[in-house]
Every structure is written in structure tokens, then in C-alpha cells.
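The values are calculated or read from the model by the stated rules, or taken from the named source; none is laboratory data. Since this is a predicted model, take the numbers as computed values, not measurements. Cβ atoms come from the backbone with ideal geometry, glycine included; neighbour counts cover every protein chain shown. Accessible surface is based on the protein model in full, side chains and every heavy atom, while ligands, DNA and RNA are left aside. Shrake-Rupley method; radii C 1.70, N 1.55, O 1.52, S 1.80 Å.
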Amino acid sequence: MLQRCEACGAFAYPAREACPACLSAGLAFVDAPRRGALLAETTARVPSDVYFRERAPWRIGLVKMDCGPTMVAHLHADCVEGAPVLMSFQLDKSGQAVAFARPEGETPNMADDRQWREMTADPKFRRVLVTNGRSVIGQEAVAALKAAGAKTVFVGVAEPWRPFGGEQLLRGQQGIEVVTLDASDEKSATDLAADIGGKVDILVNTTEYVRPGGLLDRRGTSTARDEIDQAYLGFINLAQAFGPAMRMRGADGTNSSAAWVNILSVYALANWPAFGAYSASQAACLSLSHCLRAELRPGGVKVMNLFTGPVDTEWFQTVPPPKVAPRAVAQAIVSGLRGGLEEMYVGDVAEEIRQRLAANPKALERELDK
Amino acid sequence: MRNSLRTPYDGIVMAAPVTIPYARYSIESAQWWIGRALSALVARAGIKASDIDGLCVSSFTMGTDSGIGLTQHLGLCVRWLDTIPLGGASAIAALRKAARAVQAHDADIVACVAGDTNHVDSFRLTLENFSRFNQDAVYPYGAGGANASFALIARNYMRTYGVTREDVGRIAVTQRANALRNPHALMKTPLTIEQYLAARPISDPIHLFDCVMPCAGAEAFLVMRDDTAASLGLPAARLLSTIERHNAFADDPMQLRGGWAMDVGELYAMAGVKPDDLDTVQTYDDYPVITMMQFEDLGFCNKGEGAAFVRQHDLTIDGDFPHNTSGGQLSVGQAGAAGAYLGLVEGLRQVLGEAGPTQVKGAKLGLASGFGMINYDRGLASGAVIFAGPGR
């Protein structure tokens, strides 16, 4: 995304309030062509800032974009002066969007670049906790993270002596450890954190508790309490148990903590009355995730929210398609971590809600009431 | 012969060049340093503070103060006031404005002063808050500061024209030789080309002796008409010509030339002199490669011949091209905005015959240049001035 003048079409960077070609004030951010050429590079060996001082030497360069502007950028190690590069904005450890230049073509082990990994939360080589191994999404997430090169995947299972479907996918597998965790139980979360809290680089919160119904078709608050206990208070238990150590370990060498992932219903953004109370519990979790993001940011740990429409699981049986396959959610977790993203929308329903919310929020509210 | 359409600086002079000796770190404020400079100006010129009716100030570390706050702080009552935030181009911009003010009788005696303090953390804070573009689009990229930004420019320049570190190093080494004769220079030990080449890398190809040392200090001079100077009995240097340019050559993908290249013909035409006529040259040496660029852009050689020029000339005080005779910022230190004044103030001392241990014998005609404000990817501001001592 770069600014482009609506009057004369010139691209501008750094961000500004008037077009340097024609002085127009109409500078909208648009998807810009990503190609450029590396004009010159340098390696900062004695940065003045403590963050970069610890990570020096740090390589940067000046890129002339094919679409016009020149951009100071972080450089992938395989970038060569004079050669084409592809630019993207990445979120750095402080949460700021920064320009990153990669070689135009693929190079061997491209994603393992030291400076690139500083901008992302790639699960490769990292240790991950998936909080609920009883769910299909949890099991798919474990498989996808393992396939992406995670060193160890801890899988939380409540009352692990009780058998469950898919158990054989988790037990006795190289690099997968089943651990006891009931997120809705404060003591359970604290006990597990005491055991493995210092080894969790990425936490994937797959807690799900889906029940249909809104307000008037339910009697009393017992189901709502369960929704809050499992989703909202469960989130708090996990955050309080694992968050402090993750925040402290954000710069803990190559095995640093990197990200916290939430899987949220897209109806956290706009209430779906058919699952109205559930939507509200998800909205509470979304709000809490912004709080967690702010509190983890000083440690350089990202919070990524995945928004999904109804997933193809038993609690959404009555909902017509399109539904999101649990495997698609799992793959989105991996690709979001690899890109260092803060938000992802998985599936057609989630994407549609995102667009309709941006276009006309009142219309969306009315139309969801069907 | 008139070669310029601009109004000549008839009878405009500069007097009383003063330098408050620099300190690596200072617990005093910028206002303290500026106060010392004004006090020295008054003493040097034999005037009262109340005789100063114009003031022009530059500083990075005055906090929320500008020139207006200083009038009350220092007890000055002026009828002409300016604050110039142009970094390394501040001295020349200040001089240009002050000259026209006294020429038009808007003021009679203008004090041009720059001063900065350097607390233990001042430099990092200045880097972090330098400009909006810098905050958004430079500082988050490794926080290498000006060193990293100029490293990119230097690397591109050196590659384009086949310049070696040894070529660039000659500038730093000869300036150190000059500085050893200046008792106020912060650098007091000799520097050999071997030491220069062996220095530790800071941001390739910038190494330690390509960098200036941030410090505290102040510089100042007075601008007035020649009749005022005569009535005060003050030796003064005549202002012959100036140029100033901002955001030149914006279409160059990277900086290979500064704004001087756009106006250099005007500079010499207005002064009525040629580059060969100059007795001393004081360039803005935040990095020696920028000095090499100025040798080209100020007409001492063609573009791309800066390295050959440096190889063919002796840049020391007693050499055939006396350059940055005080040692320049590279060896004296960079006292913030006072760095913009260092060359001009030394140049004035040279043509007035007041330079003492660094005096170039018989220097009458001087040039000083300025360069500043690496707002994003290049230095935006440039300027130059030619001036003559008494008897020329």
C-alpha cells in the first residue's frame, strides 16, 4: 500500500498530505506495484537504538520503486545491489508497518532469513501450544504446525484419560506432546504454565464453545455462563498464565516467544441473532484480544486474530454452506504466522462480513436478522 | 562588469568571528552556550549588547525556545529577528537574511549565532526526532541515524565514480593535520591513512573516522554595513556573493550532487572571482565524501573527478589548497547547528588575518559552504558564500 495521487496518478512515499507532483490533497492508499530495484545498501553496525544494537549488524537499503518513490527498507540477506526486489510492508516488533525488500525470485530457505524472521512469527523451529486438542480445529492446527516445521507442539487436552476422537493423531507422535489443560479452570492453566510456560513461543487458542440461541429462546443464564466461562474467562486464564512469560521472552535469542493466535467467530464483529449469545461471547474475546495485543507489544509478541464464518463442525450442523473446513483454519494459522499478520479472514462468509461491515454496518445488522 | 541580476551586497560586511571552545559533553543548556557566544561577540566588537538590533539564531537543543525567547532570556531588544532551523545550511541562510536586513537599514548590527549543548543522551534524542519523514520512514530501519543514511549515499557515490576509501580518507587525514594546530579541536592526536583505513566500520562504507563527534559549543559573527564597522573600528570581511538552494535535483534517484551544482555559476559571477582565486575553502564536512562532492559541485573540478582532485592537491594549511583549516567538524567536533557556522567563522578569521596557529599566509579571499537536513534520503539544503578580507 502506497499513497497515489487521485489527481495526477503519481505515487508518493513517505506518507504525506500533499502530492509532490501536483500539490493535490487527494492521496489515497492503494495497492501499489511491489517491484523495485535495490540502489544501495548498508549494514548498520552501531545503531543508536537498544533494540537494533542488540541485533546488529542490521542490513538496510534504498529501493527505487518501479512506480516512482524511493524507499528505505529492511533487506532480506539474498538482496543484491542493482537487482530487482519485491517490497512488502511487515509489522515489526513494535507493531509498526515497515518496508521489507526480498529478492524477486525464490531463493533457498528464503523464510529462514534472520531479519525476515524478526518481522514474522514463522512456526518453523518454534515451540507451540495448541490449547484444545479435543476439537477438530485443534487437531488440524497441530498437524499444520508440525508440517510447517514447528519443533514441538504441546496439545492441551482436558481430562486426558477420557478417550476422544482423533486421539491417535496426537499420541505417540514425534514432536507432539499431549498436556493436561482445561482453559476454563484457572488452576489447570496455572499448573501447565508452571510446567511449560517458559517454552511456549507461540500460543494458539483453539478454545471453542458454540451453542445456538440468543436471548428470548433461552431460559436463564446457565448456557450464557458456560459460554463466558469457556471462551472469555478461559481466554483470561490462558493470558494470565502464559502471557507474562511470553512477554518476557519476546527477545529471548533465536527461540524467542513470537505470537499469540486467537480463533474468533466473524460474528464477534456483528451479532448473528441465531447464535446471538455466542456472538456476544466472541465480541468480548475480540475486545480482550486488543487489550492483550497492547500488553504483549512491549515484549515484541504479536497477537493474531483469525476470523472465521461457521466451521464445518457438529455445532454448526444446522447451518447451510458455505462453511469453513477446519483444515482451512489450520492452514490460515500457519500462513498468518509466516506473514507476521495481525488479522486474517478465513473463508467466504468471514470475507463477506468484513466487506459488508466496511460498506454499511447498519444494513449488515438488519440483514443478519434473518 | 555585472554578471548577476541580483542586487549586489554593496558595503555589507561580517565582523567579530567568535568560537566558544567545544566540549564533548556539557551539563549546560543550549541557551548557556548561545549566551556565551553573544557575550564574546560584544566583548570582541567593543559594543554594548544594546547596540545589537538584529538577532538570528540556530540550535537543535533549545527545547521549546526560539529566537524570541532568547531576546528576553539574554536581555536583547531587537528590531529584526529570525530563527533558522536548517541544520548545516543555517549559517549561510542566516548570513543571507542578515545581509539584506542591514543593507535595507531594517537593522544596523545583526548577531548571527548558533549553539547547541550535548547532554549524554542529546544526540540519540535528536536522531529519533529529527524530522517527520525520518521518524516514519528512516529511524525504524535499524536506527543507524545519519551514519546509515549517508552510508547509502556514500556507497552509491563511491561505486558510481570509482572512489576508494583511501581517496575519501585523504580528506579526513589532512583535516586532522590541520586540527593539530587548533588548540580548541577535540581531536588532539595525529591520524594516519593506515589508521583511517583500519578503523572500525560503523555503517559500511562509513567507518569511525568518517564520522563527526557530537559535542557542545557555539559560534557567532556580526553582520553590518561597512560604515558601521568603520565607526566601531572593527576589522571586517566584505560579503561578495551567496547562494542557497533547497530540495534540488529531486528526480535524481540518489544524491550524487548537492544544490550547489544548480547555482555555482551564479556564486562566482556575483562575486566576480574564479575558483582558482580563492585562498581558503571551508566545506561542510559532516562526512568526507560530502566534502568530495562539494569540490565537484563548487567548481574546483568536474563531476566524478573529486577523488583525483584530492589526490592532486595538498589540503593542509600550508598546502596548495588550504581546506577546512581549523580541522573541520571531523576533527574539531560537531556542535549541533554550530557545525554550520564552524567553516564560515574560521574562514572569516582567515581573511581577517586572525586565525593564529591555523592562519593561511596572506589569505584574502575565502569560500564557505553549508549542507543540511537529511530529511529522508538526501541532504536537502545547500548554500555557499564568498567573502574578502581588507585590502582585497
Whole angstrom only: what separates the Cα centroid of the stretch B:31-109 from the Cα centroid of the stretch A:225-264? 58 Å
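Taking 1 over the mean of 1/r across every pair of different Cα atoms in the protein assembly as shown, what Kirkwood radius in Å do you get?
Values: mean 1/r = 0.0337 Å⁻¹.
The Cα-based Kirkwood calculation yields 29.6 Å.
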Hey, what did chain B get for relative contact order, percent, Cα under 8 Å, at least 6 apart? 26 percent
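Of all the accessible heavy-atom surface of chain A, with the other protein chains kept in place and a 1.4 Å probe, what percent is carbon and sulfur? Walk me through the numbers before you get to the answer.
Numbers: 8780 of 16520 Å².
Carbon and sulfur atoms account for 53 percent of the accessible area of chain A.
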Alpha carbon centroid spacing (whole Å) that separates the stretch A:134-194 from the stretch B:121-138: 46 Å
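Give me the percent relative contact order of the stretch B:195-302, please, defined on Cα pairs under 8 angstrom at least 6 residues apart.
22 percent
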³J(HN,Hα) across the stretch B:275-291 via Karplus (A = 6.51, B = -1.76, C = 1.60, θ = phi - 60°), whole Hz, x for Gly/Pro? x, 5, 6, 6, 8, 9, 10, 10, 9, 8, 10, 5, 9, x, 5, 6, 5
Tell me the accessible surface of A:Ser281 in square angstrom (1.4 angstrom probe, heavy atoms of protein chains only), to the nearest ten. 0 Å²
Once you place label points 7 Å from the Cα toward the Cβ at B:His119 and A:Arg114, how far apart are they in nm? 3.4 nm
Could you size up the charge dipole of the stretch A:94-249 around its Cα centre, putting +1 on the beta carbon of Lys and Arg and -1 on that of Asp and Glu, and report it in debye to the nearest 20? 140 debye
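Apply 1/(1 + (r/R0)^6) to the Cβ-Cβ distance of A:Ala358 and A:Glu17, taking R0 = 35 Å, and write down the FRET efficiency to the nearest 0.05. Numbers along the way, then the final one.
Numbers: r = 24 Å, r/R0 = 0.68.
So, using R0 = 35 Å, E works out to roughly 0.90.
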Kirkwood hydrodynamic radius of chain B from all distinct Cα pairs, in Å? 20.6 Å
So the carbon and sulfur contribution to the accessible area of chain B, 1.4 Å probe, in percent, is 53 percent
Ranking B:Pro214, B:Asn324, B:Tyr376 by how far each Cα lies towards the positive end of the charge dipole of chain B (+1 on Lys and Arg Cβ, -1 on Asp and Glu Cβ), the top one is B:Asn324
When A and B pair up, the total accessible heavy-atom area removed from solvent (1.4 Å probe), in Å² to nearest 100, is 2600 Å²
Ranked order, B:Ser241, B:Ser50 - accessible area, probe 1.4 Å, largest first: B:Ser50, B:Ser241
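Please say if the stretch A:33-119 is rounded, prolate or oblate, where rounded means a/c under 1.5 for a ≥ b ≥ c the square roots of the C-alpha gyration tensor eigenvalues, and otherwise the choice is prolate for a/b larger than b/c and oblate otherwise? If you can, show how the numbers build up before the last one.
Numbers: a/c = 1.56, a/b = 1.43, b/c = 1.09.
Prolate shape, in that a/c is at least 1.5 and a/b is the bigger ratio.
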Most positive-pole-ward Cα, A:Gly214, A:Pro310, A:Val334, against dipole of the stretch A:127-368 from beta carbon charges: A:Val334
Kindly give Rg over Rh for the stretch A:127-368, based on alpha-carbon atoms, with the Kirkwood expression for the hydrodynamic radius. 0.95
Please list, in order, the residues from the stretch A:19-33 whose amide nitrogen is less than 13 Å from a point placed 7 Å along the Cα→Cβ vector of A:Glu351. none
From the backbone phi of the stretch A:278-287, what are the Karplus-calculated ³J(HN,Hα) couplings (6.51 cos²θ - 1.76 cosθ + 1.60, θ = phi - 60°) in whole Hz, Gly and Pro given as x? 4, 4, 5, 5, 6, 4, 5, 5, 4, 4
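Suppose accessible area is computed on protein heavy atoms with a 1.4 Å probe; arrange A:Lys64, A:Lys187, B:Lys361 from highest to lowest.
Working: A:Lys64 65, A:Lys187 130, B:Lys361 195 Å².
Largest accessible area first, the list is B:Lys361, A:Lys187, A:Lys64.
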Here the gain from full extension of A:Asp229 to A:Ser88, 0.36 nm per residue of separation minus their alpha-carbon distance, amounts to 46.8 nm
With a probe of 1.4 Å, find how much accessible area the stretch B:6-94 has per residue, and write the answer as a whole number in Å². 42 Å²
The stretch A:127-368 - accessible surface per residue (Å², probe 1.4 Å): 45 Å²
For the stretch A:105-198, with equal point scatterers placed on the C-alpha atoms only and solvent neglected, what are the log10 I(q)/I(0) values from the Debye formula at q = 0.17 1/Å, to two decimals? -0.76
Counting alpha carbon pairs within less than 8 Å and at least 6 residues apart, what relative contact order, in whole percent, applies to the stretch B:1-146? 29 percent
What distance in nm lies between label points placed 7 Å from Cα along the C-beta direction at A:Asp185 and B:Arg132? 5.6 nm
Rounded to the nearest 10 Å², the accessible area of B:Ser326 at probe 1.4 Å: 10 Å²
If I measure Cβ to Cβ between cysteines in chain A, which ones have no partner under 4.7 Å? A:Cys67, A:Cys79, A:Cys285, A:Cys291
Just grab the label-to-label distance for B:Trp32 and B:Asp227, each label 7 Å out from Cα along the Cβ direction, in nm (one decimal). 4.3 nm
Given a 1.4 Å probe, show me the residues in the stretch A:44-62 buried by at least 30 Å² of accessible surface when comparing the whole protein assembly to the chain alone. A:Ala44, A:Arg45, A:Val46, A:Ser48, A:Asp49, A:Phe52, A:Ile60, A:Leu62
Taking the Cα centre of the stretch A:33-119 as origin and charging only Cβ (+1 Lys, Arg; -1 Asp, Glu), how large is the dipole, in debye to the nearest 20? 180 debye
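Between B:Glu354 and A:Arg53, how high is the FRET efficiency from 1/(1 + (r/R0)^6) when r is the Cβ-Cβ distance and R₀ = 51 Å? Nearest 0.05.
On the way: r = 44 Å, r/R0 = 0.86.
It comes to 0.70.
Under a 1.4 Å probe, what is the accessible area of the stretch A:38-90 per residue, stated in Å²?
Numbers: 1790 Å² over 53 residues.
Value for the stretch A:38-90: 34 Å² per residue.
If A:Thr318, A:Thr207, B:Thr283 are ordered by their accessible area, calculated over protein heavy atoms with a 1.4 Å probe, which sequence runs from highest to lowest?
On the way: A:Thr318 120, A:Thr207 30, B:Thr283 10 Å².
Solvent-accessible surface, decreasing: A:Thr318, A:Thr207, B:Thr283.
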Determine how large the accessible area of B:Trp32 is when every protein chain is in place; take a 1.4 Å probe and give Å² rounded to the nearest 10. 100 Å²
For the stretch A:196-287, restrict the atom set to alpha-carbon positions and state the Rg and Dmax in Å. 15.8, 53
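Using only DSSP helix segments of four residues or longer, with each worth -39500 (n - 2.57), what per-residue ellipticity at 222 nm results for chain A after dividing by its residue count and rounding to 500? Working shown, then result.
Values: 11 runs with 115 residues, N = 370.
After summing the helix terms and dividing by residue count, I get -9500 deg cm²/dmol.
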Tell me which lysines have Cα within less than 30 Å of A:Lys151's Cα, excluding those fewer than 8 residues away on the same chain? A:Lys93, A:Lys124, A:Lys187, A:Lys199, A:Lys302
Residues meeting the amide H criterion for A:Val324 (H placed from the backbone, H to H distance under 5 Å, 5 or more places apart or on another chain) are A:Val311, A:Asp312
Rounded to the nearest 20 debye, what is the charge dipole size of the stretch B:1-151 about its Cα centre when +1 sits on each Lys and Arg Cβ and -1 on each Asp and Glu Cβ? 360 debye
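Between exposed GluC sites (Glu not before Pro) in chain B, where DSSP calls loop and at most 16 other Cβ atoms lie within 10 Å, what's the longest gap? Spell out each step's value before the answer.
Details: sites that count: B:Glu28, B:Glu305, B:Glu354.
After excluding every exposed loop site, the longest remaining stretch is B:29-304.
The stretch B:1-101: which trypsin sites (Lys or Arg not before Pro) are DSSP loop and have at most 15 other beta-carbon atoms within 10 angstrom?
On the way: sites: B:Arg2, B:Arg6, B:Arg24, B:Arg36, B:Arg44, B:Lys48, B:Arg79, B:Arg96, B:Lys97, B:Arg100; in loops: B:Arg2, B:Arg6, B:Arg24, B:Lys48, B:Arg79.
Here the trypsin sites (Lys or Arg not before Pro) that fit, given the DSSP loop and packing criteria, are B:Arg2, B:Arg6, B:Arg24, B:Lys48, B:Arg79.
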Residue farthest toward the positive end of the dipole of the protein assembly as shown, with Cβ of Lys/Arg at +1 and Asp/Glu at -1: which of A:His290, A:Phe242, A:Thr120? A:Phe242
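To the nearest 0.05, how large is the calculated FRET efficiency for B:Asp277 and A:Gln174 if R₀ is 51 Å and r is the Cβ-Cβ distance?
Working: r = 82 Å, r/R0 = 1.61.
Once rounded, the FRET efficiency stands at 0.05.
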Near B:Leu125, within a Cβ-to-Cβ distance under 14 Å, what is the net charge of the other residues, with Lys and Arg +1 and Asp and Glu -1? -3
